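Following: one structure in C-alpha cells, then a few remarks.
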Amino acid sequence: MNSFDPGAMSAMDQARMMQVMQEMQMQDSLKMYNDLVHRCFMECVDSFRYKKLDGKEEVCVTKCAQKFLNFAGRVAMRFQETQQEMMDEAQKSLAAAAAAGSGSNETR
C-alpha cells in the first residue's frame, strides 16, 4: 500500500502543496456560496418591482440560507467522521500487518 509522507517532501514542495490546497478550499467555498445564492434567489425572489426584497422574500432568503448552511455543516461533520473512521481502520490494518510481520521474523 502506498502511503503519503508529507515529511519526505522538500519545504518548497510542502509550501506549493499548501498553496494548492488553499486554492482548492477557496474554490469550494466560492462554489458553495454561489450555489447558496442561486438556490435561494430562485426559490424566494418572485418579482423585480423594487430594488429591495419585500418582507416575504427577505424571510424566505434568510430561512433558505440558514437551511443551506445547516445542511452544509452536517455534511462536513459527517465527512469528518467518515474520514476519521477510515484513518482508524487504516491504522488498525497497519498495526496488524506490523504485528504479523514481526511475528514471522521471530520464527526464523
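What follows draws every value from the coordinates through simple rules; no lab data is involved. What you are looking at is a predicted structure, and each value in this text was computed from that prediction instead of being measured. Note that we place each Cβ from the backbone using ideal geometry, even for glycine, and neighbour counts take in every protein chain shown.
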Neighbour net charge for Asp46 - beta-carbon separation under 9 angstrom, K R +1, D E -1: -1
Helix 55-106 vs. the chain, principal-axis angle (Cα, 0 to 90°, nearest 10): 0 degrees
Cα-based helix-to-principal-axis angle, 11-44 vs the chain, degrees rounded to 10: 30 degrees
